[in-house]
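In what follows, a single structure is set out as structure tokens and then discussed.
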Amino acid sequence: MILQLSLNIFTGILAYLLGSIQFGLISGKLIKGIDIREHGSGSTGATNVGRTLGVKIATGVAIIDIAKGFLIVFLFANLLKFFDAEISSYSIIIIGSMAILGHCWPVYYKFKGGKGVLTSLGVYLLVSPIACLIALTTFIIIATISKYVSLGSLMGASVALIYVVVSFFTSIGNSSLTDILFTLFIFCVIFYRHKENIQRLIKGEENKIENKKKP
């Protein structure tokens with residue numbers, strides 16, 4: 001019991017610290033010698049990287065951020081297994097949640113990070129693959145039609161939450177209570193991190209995908 005609790009706390013802290021690594025910020029420093037937070041929306045995420053540094057760099061950052069979320073959960077789940085600790089669904093979502101919190105509020109960069117969409121996607125791929133695919137498909141469709149990345153992210157999180165709730169209470173899929181809790185957590189984080197985008201969407205002032213800004 002004590003070992004299990006200690007390992008959960010230890011892996012949670014490590015997940016937060018690794019999640020706090022901001023590859024968008026690092027790419028800006030290494031490639032252009034700029035602080036990405038001082039340009040565009042101020043986010044360290046791939047969308048702001050794309051508007052500031054270009055699509056190719058943004059694509060690389062996006063892939064790394066997804067991989068970051070996926071690998072943190074995968075590696076620490078196996079670490080728990082190595083120590084013969086119980087690998088419960090709650091242990092997994094604690095690790096995943098801490099990685100996402102680290103990405104959004106990184107301790108290394110005065111708690112100013114990305115918006116958590118891609119890192120959440122990487123984690124979600126392990127926690128609930130079907131819901132992850134539904135969220136990703138929704139994002140692609142909405143972002144392609146509307147040209148708003150933020151709207152695609154918000155709708156993807158919303159549809160994923162609807163799916164897991166419906167799946168839990170019906171015979172569609174096999175979502176568990178932990179799936180609902182984790183999806184609700186992601187939903188709340190994404191909506192909170194996009195609060196300024198929501199305001200701009202309402203006012204019709206949100207930047208579209210084709211609008212590129214350079215420092």
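Computed values, structure above
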item	result
Residue check, Gly40 touching a residue at least 24 places away in the same chain (Cβ under 8 Å), in the same structural domain as Ile100 (by TED's automatic domain parsing) and surrounded by fewer than 19 Cβ atoms within 10 Å (Cβ to Cβ)	no
Qualifying residue in segment 106-121 (condition: of a type in the set (A, V, I, L, M), touching a Leu at 6+ places or on another chain (Cβ under 7 Å) and within 18 Å of Cys188 (Cα to Cα))	yes
Qualifying residue in segment 88-100 (condition: in contact (Cβ under 8 Å) with a residue 24 or more places away in the chain and touching a Lys or Arg at 6+ places or on another chain (Cβ under 9 Å))	yes
Lone qualifier among Gly54, Gly50 - being in the same structural domain as Ile26 (by TED's automatic domain parsing), touching a Lys or Arg at 6+ places or on another chain (Cβ under 9 Å), modelled with pLDDT under 90 and on the phi > 0 side of the Ramachandran plot	Gly54
Evaluation of Leu30 against (1) part of a helix (DSSP H, G or I); (2) crowded, with 16+ Cβ neighbours inside 10 Å (one fails), failing number	(2)
Within segment 90-126, tally of residues that are part of a helix (DSSP H, G or I) and surrounded by 15 or more Cβ atoms within 10 Å (Cβ to Cβ)	25
Meets criteria (loosely packed, with under 15 Cβ neighbours inside 10 Å, outside the structural domain of Gly50 (by TED's automatic domain parsing) and either more than 16 Å from the chain's Cα centre (by Cα) or part of a helix (DSSP H, G or I) (or both)) for Thr178	no
Any hit, segment 158-173, residues being buried (at least 20 other Cβ atoms within 10 Å of the Cβ) and under 17 Å from Phe70 (Cβ atoms)	yes
Residue satisfying all of: in segment 38-54; assigned to a helix (DSSP H, G or I) and closer than 19 Å to Glu206 by Cβ; nearest to the chain's Cα centre (by Cα) among these	Ala46
Residues (exposed (fewer than 15 other Cβ atoms within 10 Å of the Cβ) and of a type in the set (Ser, Thr, Tyr)) located in segment 182-206	Tyr192
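The values are calculated or read from the model by the stated rules, or taken from the named source; none is laboratory data. Model, not experiment: these values are computed from the prediction. Methodologically, a virtual Cβ is constructed for each residue, glycine included, from the backbone with ideal geometry; neighbour enumeration extends over all protein chains shown.
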